[in-house]
Amino acid sequence: MWFFRAPTIVYGEDALSYLSTLPIRKALIVTDRHLRTTEIPEKVRQALPKGAESLLLGDVGEEPDLEEMTRHLDQIRGFEPDWILGLGGGSSIDTAKILFVLYERPDLTVYDTTPLQPLGLRRKSRLLAIPTTSGTGSECTWAAVLSERQEKRKHELASPEIIPDYAILDPEMVVGLPPEQTRNTAVDAITHAIEGYVSTWRNPFSDALSEKALELIFGNLLSVLKEPGDRSSRGAVHIGASMAGLSFSNSQIGLAHALGHALGARYKTPHGKAVGIFLPLVIDFNSTVCKDRFDRLNLLVPTTIRGTSLGASIRSLFRAMGQDASVAALGVKKDEYSDGMEELVSMAAESTGLVTNPRDSGSSELRELLTKAYSGEV
């Protein structure tokens, strides 16, 4: 027996106005330090129902740890929100998910958030996500990631109860996204779609979503990078990114995410950039067991950049985007990388991505992929 899980998705022009139709009395808005300085949080406040109160928490940082995520928990409990809104990229939305759990269930720790533990949420509030990047898919998933600073690793939490009730995909929220974030988050979405498509837990629903996600992203991403204000292309990439999130949330990630999480945790590399460095290498690695599926996806790549294999096409696309293709390009020194190799191998080996990756991998395979990633070796 399988389940397909998804939020109610409100998308397209003026999607943000849907907030005014919801029975919101007190809204907690969780966002990051950058967005707090923009007009976007005020746009969200203005879209709330007339008379609704709001509390804005705007200090989520990049790759936040548990202490950062929960520093305002007492204030939140005093405010007593009936809706929690995650506004921003993956860090803000994941923080909103974790605050949702701990606000609803103060008797739990965050590590009780597992697929096997009934949480009994939604007694006090509902959860809503408004992504301002096109890539993480967190608005559609039942996962949340937090950093472990002392251990230099990322912890993956998951429960179907932390899927947002609503995801609002308004192209106006991403029109001003800078090129670097546009690239990194799009690479993350591409990785989600490809890994979801070959996961050992793949299914007809995730397959269809992966294919359509890649069609939309491949067909519009370079246009977005060339013309950032192109709302039509922005909207297409935004929807494609959420489709990719729905795909991997219902089929799971793979080896590129396992390796990317390890790299990101140790070297503070942006998530999309980290998984993108490994994606072509992992495609090549997995091709021995799922070449036919990769060949099908390769047909979705525009002919102007399509190579003879999906790995070659992804490398061509990343070059056209100006995306970093190696660990060396991040500025990590080779001796420092070599010194941390066994720690990276250990962290990657603990990821759930190894369980659902289509080809088995042990320490020697992980070490080989990590070694190749330093120079981007084919």
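Where both residues lie in segment 8-173, what percent of DSSP beta bridges are antiparallel, nearest 5? Provide the component values of the computation, followed by the final result.
On the way: 6 of 29 bridges.
Here the share of antiparallel DSSP bridges comes out near 20 percent.
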Check: With N residues in segment 201-303, what two-decimal value do you get for its Cα radius of gyration over 2.2 N^0.38 Å?
Finding: 1.13
Next item on the list: For segment 371-378, take each phi angle, set θ = phi - 60°, evaluate the Karplus expression 6.51 cos²θ - 1.76 cosθ + 1.60, and give the result in whole Hz per residue in order, putting x for glycine and proline.
Entry: 5, 4, 5, 4, 9, x, 4, 7
Next item on the list: Would you mind telling me which residue in ARG71, ARG202, ARG153 has the biggest mean-square fluctuation in a Gaussian network model of the chain, where springs connect alpha carbons within a distance under 10 angstrom?
Entry: ARG71
Margin query: Pairs of alpha-carbon atoms within less than 8 angstrom and 6+ residues apart define the contacts here; what relative contact order does segment 179-375 have, in percent?
Written below: 27
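What length, rounded to one decimal in nm, is gained on full extension from GLU336 through to PHE79, with 0.36 nm per residue of separation minus their alpha-carbon distance? The partial results should precede the final answer.
Values: separation 257, 0.36 × 257 = 92.52 nm, distance 4.65 nm.
Fully extending the segment from GLU336 to PHE79 adds 87.9 nm.
Quick check: residue separation of ASP360 and ALA329 times 0.36 nm, minus the Cα distance between them. What number comes out in nm?
Working: separation 31, 0.36 × 31 = 11.16 nm, distance 2.83 nm.
Separation in residues times 0.36 nm, less the Cα-Cα distance, equals 8.3 nm.
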Check: What area, in nm² and to one decimal, does the C-alpha convex hull of the chain cast on average over all directions?
Finding: 17.5
Next item on the list: Apply 1/(1 + (r/R0)^6) to the Cβ-Cβ distance of VAL289 and GLU343, taking R0 = 22 Å, and write down the FRET efficiency to the nearest 0.05.
Entry: 0.20
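What's the extension gain from ASN203 to LEU116 if we count 0.36 nm per residue and subtract their Cα-Cα distance?
Working: separation 87, 0.36 × 87 = 31.32 nm, distance 2.11 nm.
So the extension gain works out to 29.2 nm.
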Next item on the list: Write down the percent of antiparallel bridges among all DSSP beta bridges whose residues are both part of the chain, to the nearest 5.
Entry: 20
Notebook entry, point to check: Taking amide hydrogens as modeled 1.01 Å from N in the peptide plane, which residues meet the under 5 Å criterion relative to THR132, leaving out close sequence neighbours?
Noted result: GLY88, GLY89
Item checked: Virtual spin-label span in nm between ARG319 and VAL175, 7 Å along Cα→Cβ -> 3.5
Notebook entry, point to check: Among all stretches of the chain without exposed chymotrypsin sites (Phe, Trp or Tyr not before Pro) (DSSP loop, at most 16 other Cβ atoms within 10 Å), which one is longest?
Noted result: 5-200
Notebook entry, point to check: Cross-link partners among lysines for LYS50, C-alpha distance below 24 Å, same-chain residues fewer than 8 apart left out?
Noted result: LYS26, LYS124
Note to self: On the Cα set of segment 179-375, report Rg and Dmax in Å, please.
What the structure shows: 15.7, 46
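What is the order of MET341, MET173, MET243, fewest Cβ neighbours within 10 Å to most?
Numbers: MET341 14, MET173 24, MET243 27.
Placing the least packed residue first, the sequence is MET341, MET173, MET243.
Read-outs throughout are calculated quantities, based only on the coordinates presented, and are distinct from any laboratory measurement. These numbers were taken from a predicted model, which means no experiment stands behind them. Here the Cβ is made from the backbone with ideal geometry for all residues, glycine too, and neighbour counts use every protein chain on show.
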